[in-house]
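Encoded as structure tokens, the structure appears first; notes follow it.
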Amino acid sequence: MLGIGAATRVFLAAGATDMRKGFDGLFGLVRDRLLEDPLSGHVYGFANRQRTRVKLLYWDGSGLWVCAKRLEKGRFRWPEAGAEPSLRLSGAELAALLEGLELGARPRQGWYRREPEENRRSA
């Protein structure tokens with residue numbers, strides 16, 4: 001399915017998203033609202049207003065994936081809309097979020113992680 005490695009970034013769109021959107025609608029949100037490149041190979045997440053549904057958009061090099069999850073009970077702990085249009089996570093944090101753990105419940109370890117080459121060139 002999704003190959004989320006250490007260099008793959010995960011971006012969650014803060015606030016609510018219309019879950020009727022498909023490939024093209026989510027592609028446009030990533031490009032226009034999150035100001036990211038949807039064809040970068042990173043993962044982009046969206047949730048509905050009730051926080052009971054999540055969609056992920058991912059480019060694997062040959063096509064777009066849209067994955068969806070609907071909870072039967074409970075809600076995802078999704079970031080609220082604010083000054084930032086998105087929240088950046090690791091693949092492990094995304095997995096924890098989708099399993100029902102609350103982001104930010106514990107502070108992150110301050111471990112060193114080398115940024116991908118593209119980020120170091122632009123700095």
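The values are calculated or read from the model by the stated rules, or taken from the named source; none is laboratory data. What you see is a predicted model, and the numbers here were worked out from it, not measured in a lab. Note that each Cβ is placed from the backbone with ideal geometry, even for glycine, and that neighbours are counted across all protein chains shown.
Points to keep in mind about this one:
- In the set Val66, Val30, only one residue is in contact with a helix residue (DSSP H, G or I) (Cβ under 7 Å, 6 or more places away or on another chain), modelled with pLDDT of 85 or more, surrounded by 11 or more Cβ atoms within 10 Å (Cβ to Cβ) and not basic (Lys, Arg); that residue is Val66.
- Taking the criterion of being of a type in the set (A, V, I, L, M), within 18 Å of Ala81 (Cα to Cα) and either over 14 Å from the mean Cα position of the chain (by Cα) or assigned to a loop (DSSP other than H, G, I, E, B) (or both), the residues of region 1-59 that qualify are Ala14, Ala16, Met19, Leu34, Leu35.
- Flag if Glu80 is in contact with a Leu (Cβ under 8 Å, 6 or more places away or on another chain), of a type in the set (Asp, Glu) and outside any strand (DSSP E or B): no
- Test: residue in region 79-94 that is in contact with a helix residue (DSSP H, G or I) (Cβ under 9 Å, 6 or more places away or on another chain) and free of Cβ contacts under 8 Å to residues at least 40 places away in the same chain: no
- Qualifying residue in region 72-90 (condition: polar (S, T, N, Q) and surrounded by 18 or more Cβ atoms within 10 Å (Cβ to Cβ)): yes
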